[in-house]
Amino acid sequence: MPTTKNIHLKILFSILLLSALFSCDKKEITPATDHNNSSEITFISISHIGGTLGEYTIVKVTKDAVVAEKGATANQTHQEWTSPISIDTWKQLISSINVNDLEDIKSSPSQQSVDGIDETFQIRTPGKSHIYVNSFADPAHYKQLQQFKEQLDKILPKEYK
């Protein structure tokens, strides 16, 4: 008898749960911020990784902060630096980047296989993440990334440049 009672309760619970799910309105939830703009840059990182000692420098920039890391995997060193930034600094940093032109930037093959160092950019918008490896080989389109690097160098400590 108790087994039959449990089965009936499970069936009743399943029916109630399914009816509750199907009766809910499906509304698209949008954030209250202005991140709906798909051409708005939300994150940029630049990294230099490679070399004989496995050296790396990674700089991540958001509207709120700059985080820089550097080290070498061969001797297991790691340093990190973080600094908040103002919205004006953020706007100055991204002012050279035209989101509509990002599709035109070309990447080049990795240089790590010959102990070279790869430069990688990642630029995120709410709609897409753009990743470029060694795009300095595309001088026609690299100019906006070079200008970003120049602006970034103005706020980074010299050991992270």
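Structure summary
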| quantity | calculated |
| --- | --- |
| Pairwise centroid distance, computed over Cα atoms, of segment 63-112 with segment 116-161, Å | 6 Å |
| Anchor Lys106: aspartates and glutamates whose Cα lies under 12 Å away (excluding residues fewer than 8 positions away in-chain) | Asp138 |
| Long-range Cα-Cα pairs in segment 26-161 (distance over 25 Å), rounded percent | 31 percent |
| Cα-based reach from Lys161 at 14 Å (exclusive), listing aspartates and glutamates while leaving out same-chain residues under 8 positions away | Glu55, Glu69, Glu80, Glu119, Glu150, Asp153 |
| Simple spin-label estimate for Ser83 and Lys158 in nanometres, 7 Å along Cα-Cβ | 1.4 nm |
| Net +/- balance of residues flanking Pro139 in space, Cβ distance below 13 Å, scoring K and R +1, D and E -1 | 0 |
| Cβ-based net charge around Glu69, under 9 Å, with every Lys or Arg adding one and every Asp or Glu removing one | +1 |
| Formal net charge of residues neighbouring Leu152 (Cβ-Cβ distance under 12 Å; K, R +1; D, E -1) | +2 |
| Violating pairs (Cα-Cα greater than 26 angstrom) within the set Lys128/Lys154; Lys70/Lys149; Lys60/Lys91 | Lys128/Lys154 |
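No lab work stands behind these numbers, since they all come straight from the coordinates. Quantities reported herein were computed from a predicted structural model and do not represent experimental measurements. Cβ coordinates were reconstructed from backbone atoms using ideal geometry, including for glycine residues, and neighbour counts include every protein chain displayed.
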